[in-house]
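Just so it is clear, none of the values below were taken in a lab; they were calculated from the coordinates. Source: prediction; values computed, not measured. Because the Cβ atoms are built from the backbone with ideal geometry, glycine has one as well, and the counts that use them run over all protein chains shown.
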Amino acid sequence: MKRFVAKLLILCISIGLCIGELAGCGTDKEVSTTKEQEITEEQVEEAEEQTVSFSLPDSLEEADIYIEPIPDISDDFIRGMDASSVLVNEKSGAVYYNYEGEVQDVFMTLAQSGVNYIRLRVWNDPYDENGNGYGGGNNDVATAIELGQRATKYGMKVCIDFHYSDFWADPKRQYAPKAWEGMSADEKSDALYEFTRESLSEILDAGVNVGMVQIGNEVNNGMSGETQTPAVMKLLDAGSRAVREIAEKYEKEIQVALHYTNIEETDKINSIAADLQNYNIDYDIFALSYYPFWDGTNENMQTVAKNIQDKYGKQVVIAETSYCYTSEDGDGSGNSFDGVEDLVEGYAATVQSQASMIRDICAAANSAGVLGIFYWEGTWIPVGPADKDNSPLWEEFGSGWASSYASDYDPEDAGLYYGGCSWDNQAMFDFEGHPLASLNVFKYLKYGATAPLAIDSIPEVHVSCDVGGEIKLPETIDVIYNDRSVNAQTTVTWDETQLAAIDTENGGTYEISGLLEDGTKTTCHLDVKMINHVQNSGFEDADTSMWKVSYEGSSNPTDFQVKADDAYTGETAFHFWSENTDMDFSIEQELTDLEPGTYQLSVYSQGGDMSEDSQLELFAITSSGEQTASFMVTSWADWKNPSISEIKVTDGKLIIGVRMKCNAKSWGTVDDFTLNRISD
């Protein structure tokens, strides 16, 4: 492959063009052949020297991140990066640096970090009638050529991701290119075939080392405006034929990939693979999008991949994946994955966790026989700070996810939500363009990396306090280190001044600063509110052992019924019904360690067909005696809410519950007990 690139470089020199000027030049194949015959071995070797390559480590290394080794991973495992937005970012003023803080071609930095494959999306015509770009990289063929040449220069292969649309294509939208509007499926098939042949020829003529071509992007629900399976299969077949023919013409090994997402829907993915087999679609790789915060577990990903390999005989690649390194927003345009409430368990929004996540995905993929992964848009950094209006840059250069110029083509999304980058907190460069330590995960996969033990993250500390109650903050907290070890006994000291300023007689939320033994800062989020002290108060948890159910008679007329229509909230309620015998039952819970004070108890109940002599009551039993509140249910969904106030708890103990004596054929449910401490 290097020899092929070298010959093309010599060809470029011989006709007076540099590699960067070949974009769109359409060098004739016959001319190329003639020129190659004139190239000497010495010229080939000289051109090869212009292609820079980097080797992977051959042993464990010291680094800024901790990476567990994957000993059996191959050097050929695809360590890919989608870098489709680099060019528009640079045009917008963004700068990329190397690890020493010097300005450097980002593709060189990627190669130095172990990346061996670059993925580039291609849209047919991402411009309006006046030549204004739609944004998201303005990724036409010329852009792919320029970026692909830079990737090739540093020894990386390139995957061309044809969307066969003028803008984003995914399960939600698969718009046909403007030039194909009104075409039948057969006509689109012909147009797609010609577009693929011509575009791929241009890219190869420009010296781009293409190793893989995607026919469509996340085509689960359609492609280029077609949604019916036979029509989509025609399009896939046309694209595959075009790639095969160009690969043969250029004597290149180019793998054909078909790309799908929503892999958590395993049955649908299997059905798609079966359709491809039934229609005899010629392809090599079943490509999967796998975002761990959206698409399920590593185990499920492995199951899907193994099924594709074992049942359909196709290779698998993870075409898209990512994870955040921060929860901050870099450009003021919001993030698709905020890294707060949506974090994957065990992975924080840190550089170390980003590296650990990618390492773990690679380990799982490798174990399942997957060819490798492509990290999606790890170079898509902000083009201006979050406190600045960056829209002029997004509009002019297309460095945001969409510009206003895309509104006519994509009115449902771009027309409403055009703006900046939503991925900057998942890049592998910081907001200013410096490579993160996590980027080196790709070169450390086989032998791993060690780093000085350091705190990686501190799980959020959340504490609730009753209105009028005592604030009790933890004396120790969990600390997670970069090697994933946990110290659950780390002492923390809380700010006494902040604590003293909190008035618990009024509800509210507060933040209290804390310091660990080594000086690391943390924060406790305190919520002063009316706390419900009843455990499993609405019966939604499967474990109902804290509830004691007693009944008179030979059969139990009660159950924990999962039926949302009969629950006050949620899906589960305590249900009662007997066809032939009267009922006499109770449900209660004993509470201990309550803070002394005055409490209020309430419950919801509904039902019907009660006789007048039925007895229904809410009760609370303290060391001083019992208090009750009688009630009666009348009809379905007519919820009654009996309550008992002024319950004095002095020894921390309280029994609460409901008891009922009612006639046969009566029925109903009890739900949502609430016990609040209302005063001292």
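Pairs LYS268/LYS311; LYS548/LYS653; LYS472/LYS653; LYS268/LYS306: which exceed 18 Å Cα-Cα? Violating the 18 Å Cα-Cα cut-off are LYS472/LYS653.
Subtracting the Cα-Cα distance of ARG484 and GLU646 from their residue separation scaled by 0.36 nm leaves 53.4 nm. By the rule of a C-alpha distance below 28 Å, with chain neighbours fewer than 8 residues away ignored, the lysines paired with LYS388 are LYS91. Taking label points 7 Å from Cα along the Cα-to-Cβ direction, SER630 and VAL562 give a separation of 3.8 nm. Which entry is the computed Rg/Rh (Cα atoms, Kirkwood Rh) for this structure: [x] 0.98; [y] 1.01; [z] 1.09? Computed from the coordinates, Rg/Rh (Cα atoms, Kirkwood Rh) corresponds to [z].
Between the listed residues ASN536, ILE471, MET428, the Cα displaced farthest toward the positive end of the dipole of the chain, a dipole computed from Cβ unit charges relative to the Cα centre, is found at MET428. Considering only ILE455, ILE381, LEU675, and ranking their Cα positions along the charge dipole of the chain that arises from unit charges at the beta-carbon of Lys, Arg, Asp and Glu, the one farthest toward the positive end is ILE381. The dipole here belongs to the chain: it is taken about the Cα centre, uses +1 on the Cβ of Lys and Arg and -1 on the Cβ of Asp and Glu, and is about 1280 debye. Where both bridge residues fall in the chain, DSSP classifies roughly 65% of the beta bridges as antiparallel. Site pair LEU60 and LYS306 shows an inter-label distance of 3.0 nm when each label is modelled 7 Å from Cα along Cα→Cβ.
If the chain linking THR227 and ASP125 were pulled fully straight, counting 0.36 nm for each residue of separation and taking away their Cα-Cα distance, it would gain 34.6 nm. Over all other residues within a Cβ to Cβ distance under 12 Å of ALA368, the charged ones net out to -1, with Lys and Arg as +1 and Asp and Glu as -1.
Cross-link partners of LYS188 among aspartates and glutamates, defined as those whose alpha carbon lies under 16 angstrom from its own and excluding same-chain residues fewer than eight positions apart: ASP125, ASP166, GLU198, GLU226, ASP237. Within the stretch 523-542, find all residues whose amide N lies under 13 Å from a label point positioned 7 Å from the Cα of ASP495 along Cα-to-beta-carbon. Once the point is set 7 Å along Cα→Cβ of ASP495, 523-526 turn out to lie under 13 Å by backbone N, inside the stretch 523-542. With the cut-off at 1.5 for a/c, could you classify the stretch 597-643 from its C-alpha gyration tensor as rounded, prolate or oblate? Verdict is oblate for the stretch 597-643. Apply 1/(1 + (r/R0)^6) to the Cβ-Cβ distance of LEU416 and VAL549, taking R0 = 56 Å, and write down the FRET efficiency to the nearest 0.05. The formula returns an efficiency of 0.60 here.
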